[in-house]
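The values are calculated or read from the model by the stated rules, or taken from the named source; none is laboratory data. Because the structure is a prediction, the values reported are computed rather than measured. Because the Cβ atoms are built from the backbone with ideal geometry, glycine has one as well, and the counts that use them run over all protein chains shown.
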């Protein structure tokens, strides 16, 4: 069982970058994590541009798996995150909502090796202090909607209601 919760989500989708947010919450009420590490396997960790709060070290002894395999089907690059003693380690001393640390990661886009389709936005595996935390399979993540199609579908009922209300209000004046 994973003694912490890792909340990992895409915060912003810029033209050339993705901005991710990672929050770690302590659920183990009998233990404090004053020295912690978080290892993530994610297909785009070889394109990290900046990590804002945690210390980040890539775990790529040779070169990116993405570039070796030249496909996203088997790509999982790894990286290790940890807090500095003065800034982040003491926040995980407490359990519950107060025992949390968070960071933001800026990842450069490389559409040839990584996209947000089919659950690829999330890591394949997470390890906290060496313990594996279970992750859902990528197929179980909800798909991102096609916003253009859904915006058009939402607009049709709204337009029909507006036309009906306008006809009801102004229709009596013309009869």
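Listed values, structure above:
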| item | result |
| --- | --- |
| Scan of region 31-44 for residues that are modelled with pLDDT under 85 and closer than 20 Å to residue 107 by Cα, ordered by number | 42, 43, 44 |
| Among the residues listed as 107, 60, 92, the single one being at pLDDT below 85, in contact with a strand residue (DSSP E or B) (Cβ under 9 Å, 6 or more places away or on another chain) and not in a helix (DSSP H, G or I) | 60 |
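Matching residues to (1) farther than 17 Å from residue 78 by Cα; (2) in the same structural domain as residue 92 (by TED's automatic domain parsing); (3) loosely packed, with under 14 Cβ neighbours inside 10 Å; (4) under 14 Å from the mean Cα position of the chain (by Cα):
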residue	(1), (2), (3), (4)
15	yes, yes, yes, no
20	no, yes, no, yes
37	no, yes, no, no
41	no, yes, no, yes
51	no, yes, no, yes
56	no, yes, no, no
